[in-house]
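Only one structure is covered here, and it is reproduced in the block below.
Laboratory data are not the source of any read-out in this text; all were calculated from the coordinates shown. What you see is a predicted model; the values in this text were computed from it and never measured. Please note: Cβ atoms are built from the backbone with ideal geometry, for glycine as well, and neighbour counts cover all protein chains shown.
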Amino acid sequence: MQEAIREGLALAGADAWLAYDFAGSNPPVREALGIQGAHLTRRFFYFFPKEGTPLLVAHRIEAEALEKLPGARRLYARREELIEALAEAVSRWPRLAVTLSPGGEVPYVSRLDAGTADLLRGLGAELVSDATILLLLSRWQEADLAAHRRAVKGVQAARDRALRFIQSRLPEDPPTELEVQAAMVAELESRGLIFDHPPIVAFGAHASLPHYAPSPATDRPLREGEVVLLDVWAREPGGPYADITWMAGWNPPEAAHRAFEAVARARDRVVEALREKHAWRGFELDRLARQVLEEAGYREAIRHRTGHSLGKESPHGHATHLDDYETRDTRPLLPGLAFTVEPGVYPGPFGIRSEINVYLSEEEPEVTTDVEATLSLL
């Protein structure tokens, strides 16, 4: 961790990284420091300089919860003690890298509240973004990649089980969305995989809602002529997520096939670009994918960005997203990072999305999941 932080500080031109959190306000910092589960209700400020010993400024009653953080300690109880400690730290390290994004352009790394930023600036600090530091700390190790690959096998097995289950019930007794979801959950649990939400199973018009979740109130059986959208994500305990979306159809209309072809071209264009060169930023790849979709006539049917980073606490991680649609993610895609490529169009009365996972090695991008070539027929 120390090497990555100091590498990031050099790139940011900062004197120290200030890892700040108040009552869980900064999940990327907590994850980077490995204190996600710590019960903390007061402010802490962890200064990690480019040279010398780190300094933790924390409340006295929470010092024990932060015991694992190396370095010196300055404990406070009264507000005046906190301000004095911060003033001394800022005098030593006036240029600080913190979780902010100018103009809120990249909200995933815009976690420092305006009042605390004012406080630090009032003490003489110059604040710059710590986005590069967080990216370097988000890089996967070999064990992470191995755990991800095992998770990929699990989510793909859940997909296969769902497709077999649906086919076994057609045409006489089409299953409902919740029945298919239950089959997928059973497969994931049998493999010891965990997830923050059950898979998305969406039939027909429900597939036109990108984050549809089947419930007893909306559940219904598949009907002939409809598409099926399966979105499933899971991980091993302690490992990063795998996250795929697979499309199928029971005699779907030609319009669904055309939409899938456009989505597949957009997805594959991103992978081609990654193989052409390494130095991409998130927003640039989103633009490439959406250009394909817009040229195919689906501009008004786009509802979301092209992809998201893969995390450990959530399928949506804290690293670079492929996004110039909802936000403008100017962060680079560094070797060691992993993300989804999942363009989608939702013209109604159906939606189409295709999602793969990509890991960036030092040499080339690795697509770690299956790639759906055509709309699967049931």
message = Quick check: residue separation of residue 271 and residue 146 times 0.36 nm, minus the Cα distance between them. What number comes out in nm?
response = 42.9 nm
query = Which GluC sites (Glu not before Pro) in region 38-85 pass both tests, a DSSP loop state and at most 15 other beta-carbon atoms within 10 Å?
reply = 51, 67
key: Using θ = phi - 60° and Karplus 6.51 cos²θ - 1.76 cosθ + 1.60, couplings along region 263-271 (whole Hz; Gly, Pro as x)   = 4, 5, 5, 5, 4, 5, 5, 5, 5
query = So how tilted is helix 2-12 from the main axis of the chain? Cα-based, degrees 0 to 90, rounded to 10.
reply = 90
task = Compute the longest continuous run of the chain that contains no exposed trypsin sites (Lys or Arg not before Pro); treat a site as exposed when its DSSP state is not H, G, I, E or B and it has at most 14 other Cβ atoms within 10 Å.
result = 79-222
query = Under a 5 Å amide H to amide H cut-off, with H placed in plane at 1.01 Å, what residues pair with residue 355 once short-range neighbours are removed?
reply = 245
Calculated from backbone phi, Karplus (6.51, -1.76, 1.60) coupling profile of region 150-164 in Hz, x at Gly/Pro = 5, 5, 4, 4, x, 5, 6, 5, 5, 4, 4, 5, 4, 5, 5
ask   = Who wins for biggest fluctuation among 52, 13, 351 in a Gaussian network model of the chain, springs between alpha carbons below 10 Å?
value = 52
ask   = Can you list the residues, at least 5 places off or on another chain, whose amide H is less than 5 Å from the amide H of residue 280, using H built in the peptide plane?
value = 333
message = Can you list residues from other chains, or at least 5 along the same chain, whose modelled amide H is less than 5 Å from the amide H of residue 76?
response = 58, 59, 60
task = Please work out whether region 142-377 counts as rounded, prolate or oblate from its C-alpha gyration tensor, where a ≥ b ≥ c are the square roots of the eigenvalues and a/c under 1.5 means rounded, while otherwise a/b larger than b/c means prolate and anything else oblate?
result = oblate
remark   = Nearest 10, in degrees from 0 to 90: the angle of helix 79-92 to the longest Cα principal axis of the chain is 90
request  = Arrange 200, 302 by Cβ neighbour counts within 10 Å, fewest through most, would you?
outcome  = 302, 200
key: Förster radius 35 Å - calculated FRET efficiency between residue 3 and residue 88, Cβ distance, rounded to 0.05   = 0.85
request  = Tell me what the chain gives for mean residue ellipticity at 222 nm when only DSSP H runs of n ≥ 4 count, each as -39,500 (n - 2.57), the sum divided by the residue total, rounded to 500 deg cm²/dmol.
outcome  = -11000 deg cm²/dmol
inquiry  = Given axes a ≥ b ≥ c from the Cα gyration tensor, I'd like to know whether region 2-138 is rounded (a/c under 1.5), prolate (a/b larger than b/c) or oblate.
reply    = rounded
remark   = Phi-derived 3J(HN,Hα) across region 35-47 with the Karplus relation (6.51, -1.76, 1.60, θ = phi - 60°), rounded Hz, x for Gly and Pro, is 10, 4, x, 5, 8, 10, 10, 10, 6, 10, 10, 10, 8
